[in-house]
Amino acid sequence: MAIQTATTGDLEQAQNIVIAAWRYTAENNAPCFNLIDHFTLGAGEKQYTFPKVGQATFLGLVDGVDMVDSQDIGLTYVTATPSEVGAKFILTDKLVRQASEDAFTVIGRQLGDGFTRKREGDIITLFASLDYAWGADNAPLGMTQASGIVTLAAVYNFMPPIFVIHHPNAMGTLTKSNVGMLTNLGAVPSTAVAVSAITSQQQVSKLANFFVMSLNGATFYQTAAIPKIGATDSGYGTIASKGAMAIVESKAPYTARERDESLRATEVVMISDYIAVEVDGLMGASARYEIGNIRTT
């Protein structure tokens, strides 16, 4: 006689939905993650090191006179050591049987949303620590300000590709007050524009919903994950080179489940081992602008 348990048949198939749900959410709701560099540690590796060399200075020479000054390589390092994050659900068999919606699908979406918020928040926290600080409290993000930060990025030799990302309310102020000056508002970026800012056509499709405009070679994106600063209505976005920040993963996010027969329940966990790190602060700037709700009348 066949014995059906919570780990076989339809329930097992339902549990597989957890993976599909969180993957979709985590991959497609993460503009910041898709705009910066990614690095993965191999087996037996615990830390990633980013080396950076200084600049060489050329001096005028006199014919027949030996060069005296020599150059210093000026090597510096940034190190990144990932740490684990995780979340857990415990679903009883009775809940799974009686829920009006598939409980595993529901928690799959919750896990994906939660992980995305955590990882995007870690990246956004880096914005304020970049070497340059542009904008200010009570400053709206208008065309003057947008042109200003893009121009300064060129002045300070930010390495292309360069992106700007800010809150939708800041981007709304920009587009609302300058709609007559911009020709590609709300348009999905073309392959040529998008690939200049990111690395693959797959990432182009993931970022399409967050694209706002392009200006002098910099692509503008939006994310509602940017928080207000204290009691103010302003928030830190950024303008940065793709290589200014990075995610270093020791273990990509994954789900696992374990049965507790005496509890008649399934434990579902999602775990990742990563760190968001500033690689080169001279290749980015915080961009503090107002993110309070804009007028709709």
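Of note:
- Normalised contact order of the range 38-134, rounded percent, pairs of Cα under 8 Å and 6 or more residues apart: 23
- Rounded D (µm²/s) - the range 42-188, Kirkwood Rh over Cα pairs, Stokes-Einstein at 25 °C, 0.890 mPa s: 112
- Backbone HN-Hα couplings from phi across the range 38-55 [Karplus 6.51/-1.76/1.60, Hz, Gly and Pro as x]: 10, 9, 10, 7, x, 4, x, 9, 10, 8, 10, 10, 9, x, 9, 9, x, 9
- The GluC sites (Glu not before Pro) found in the range 81-169 that occupy coil by DSSP, while having at most 14 further C-beta atoms within 10 Å, are GLU101.
- Within straight-line cross-link reach of LYS88, lysines at Cα separation under 26 Å, skipping those fewer than 8 residues along the same chain: LYS46, LYS118, LYS251
- Note on the range 204-297: Rg/Rh from C-alpha atoms, Kirkwood Rh, equals 1.13.
- Under the combined filter of DSSP loop state and at most 16 neighbouring Cβ atoms within 10 Å, the range 46-87 retains these chymotrypsin sites (Phe, Trp or Tyr not before Pro): PHE58.
Where a number appears in this text, it was derived from the coordinates with a stated rule and is not lab data. The shown structure was predicted, so the numbers you read here are calculated from the model rather than taken from an experiment. All Cβ positions, glycine included, derive from the backbone under ideal geometry; neighbour counts span all protein chains shown.
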